[in-house]
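The values are calculated or read from the model by the stated rules, or taken from the named source; none is laboratory data. On a predicted model such as this, the values are computed, not experimentally measured, just so you know. Cβ atoms come from the backbone with ideal geometry, glycine included; neighbour counts cover every protein chain shown. Ligands, DNA and RNA are stripped out before the accessible areas are found, and what is left, the full protein with its side chains, is counted by its heavy atoms. Shrake-Rupley method; radii C 1.70, N 1.55, O 1.52, S 1.80 Å.
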Amino acid sequence: MRHEAAFAGPPGRAGQTGQTARPGLEVRVINLASAERRRAWMQDELAGLAHPWSFFEAHTTLANPRLRHDPARIRATYGRALSPAQLALWSSHYTVIADFAETGASDYLLVFEDDVIFDTGFPLDELMVLCRDEGIHYMRLFGMYYAPGAQLGFFHDRSIIRYRTSPSGAQAYLLSKEGARRVAETCRQVDTAWDLALDAFWKTGLPLYSVYPFPALERFSPTSVPMLDIEPLGPVDHAGFLRRRLGNRLGKALANWRLRGRDRAMR
C-alpha cells in the first residue's frame, strides 16, 4: 500500500507525509441515560482521549421518523423479528450518523457504544490521514468474530485489513463525512440488525476496512440489546428470506470481485 505515513517498509516503521493538516474528529458515545455504570466507565476511560467527545442519549424506541419499519420485510431479510432494543439501537446509530452527515463540522465521526475499552493512546490523527489519503470512508475499530479478509499493508505495528464479509459488532467505528452521507442514504429501511446493515458494503459502497489488532475491545458485561427468540417462518416469509439471502450473497461476491483491483493498488 503506497502510503508513507503508514505503509512504507515493514511494520513499525512509519514515516511522514507531505500533508500536515490534520482532519477534524467528532466523537460520540451512545449511552442510555439509565445506564449510569456504563456512563461512568466511559467517562473514566475517555478522560485521556486527545479529542473532545460527548454522549448521545440512546433512543429507547425506533424514534427517528426517517426510518422505515416493516416487520414482514425484517422477517424476510433477517429471518426473525428485531427486538425493541435492536430497533432502538438502529435508531440511535442512524441518528448520530445522519446528524453528522448534515450538520457535523468535522471531517470524521468516531462512534462508540458504551461497552468498549479503547486504547486512548492509539494514533487517531494518523489513522484519519491514512483514510483521507487512501479514500477510505469506513474504518472498523472493532469486530466480534473472525472474518476472512485481505491484508493490504501496515499501520505502524498493525495490519490493515479489508474484510470480505462482516465481522459483526458496531461498538467502535470511524466514518468520513462522505461515508456518513452514504450510510444515511442507504440505511433508512430497517430490515436486519444494525451492524449487518452498516457492513452491507455492496449496498452502501463502503468497503470494510479495519486495523488489526483492534484498538477497541468489548467489555465483558451483560448485553443491553437482547434478541428475540427465533420463531419458525411461514412459507411466504421463508421464501422471501431465501431470496434475499441469495441476493445478498451474489451482491457481496460481485462487490468483492470488483474490489480486487483496488486491493492490488493499495498494496
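Between L254 and R188, with labels modelled 7 Å along Cα→Cβ, what's the label distance in nm to one decimal, could you check?
About 2.3 nm separates the two model spin labels.
In whole Hz, with x marking every Gly and Pro, tabulate ³J(HN,Hα) for the stretch 126-138 from phi via Karplus 6.51 cos²θ - 1.76 cosθ + 1.60, θ = phi - 60°.
5, 5, 5, 4, 4, 4, 4, 6, 9, x, 8, 9, 9
Between H51 and R267, what length comes free when the chain is fully extended (0.36 nm per residue of separation minus the Cα-Cα distance, one decimal in nm)?
74.7 nm
For a quick check: with amide H placed at 1.01 Å from N, whose amide H comes under 5 Å from F56's, ignoring anything fewer than 5 positions away on the same chain?
For F56, whose amide H was placed from the backbone, the distant partners under 5 Å are V29, I30, N31.
If you stretched the chain out fully between R219 and A35, how much longer would it get, using 0.36 nm times the residue separation minus the C-alpha to C-alpha distance?
Taking R219 through A35 to full extension adds about 64.8 nm, to one decimal.
In nm, what is the difference between 0.36 nm times the number of residues separating A150 and K203 and their Cα-Cα distance?
That works out to 17.1 nm of additional length.
Using a 1.4 Å probe on the protein heavy atoms, what percent of the accessible area of the chain belongs to carbon and sulfur?
53
Given the peptides 254-265, 207-218, arrange them by the average over their residues of other C-beta atoms within 10 Å, most packed first.
207-218, 254-265
Among P52, Y212, G153, pick out the residue whose Cα is farthest towards the positive end of the charge dipole of the chain, where Lys and Arg carry +1 and Asp and Glu carry -1 on C-beta, about the Cα centre.
Farthest towards the positive pole: G153.
If you fit an axis through the alpha-carbon atoms of helix 177-186 and take the longest principal axis of the Cα set of the chain, what angle between them do you get, 0 to 90°, nearest 10?
Tilt of helix 177-186: around 10 degrees.
Around C187, under 12 Å between beta carbons, what's the net of Lys plus Arg minus Asp minus Glu among the other residues?
Details: positive: R66, R68, R181, R182, R188, K203; negative: E185, D191, D195, D199.
Net of charged neighbours comes to +2.
With +1 on the Cβ of every Lys and Arg and -1 on the Cβ of every Asp and Glu, and nothing else charged, how large is the dipole of the chain about its Cα centre, in debye rounded to the nearest 20?
Magnitude of the dipole: close to 1280 debye.
With the calculation restricted to Cα positions, what are the radius of gyration and Dmax of the chain in angstrom?
Cα only, the chain: 18.6, 60 Å (Rg, Dmax).
Diagonalise the Cα gyration tensor of the stretch 165-218 and give the resulting equivalent ellipsoid semi-axes, square root of 5 times each eigenvalue, largest first, whole Å.
Ellipsoid semi-axes (Å, largest first): 19, 13, 10.
Given a Förster radius of 22 Å and the C-beta distance between Q43 and D125 as r, what FRET efficiency does 1/(1 + (r/R0)^6) yield to the nearest 0.05?
0.45
Would you grab the residues whose amide H sits under 5 Å from the one on D191? Only those 5+ places off in sequence or on another chain, please, with H modelled 1.01 Å from N.
Under 5 Å from the amide H of D191 lies no amide H from a residue far enough along the sequence or on another chain.
Accessible area per residue of the chain at 1.4 Å probe, in Å²?
Computed with neighbouring chains in place, this is 49 Å² per residue.
How large is ³J(HN,Hα) for each residue in the stretch 29-39, as worked out from phi by the Karplus curve 6.51 cos²θ - 1.76 cosθ + 1.60 (θ = phi - 60°), to whole Hz, x for Gly and Pro?
Taking θ as phi minus 60°, the curve returns 10, 7, 8, 6, 4, 7, 8, 5, 5, 5, 4 Hz for the stretch 29-39.
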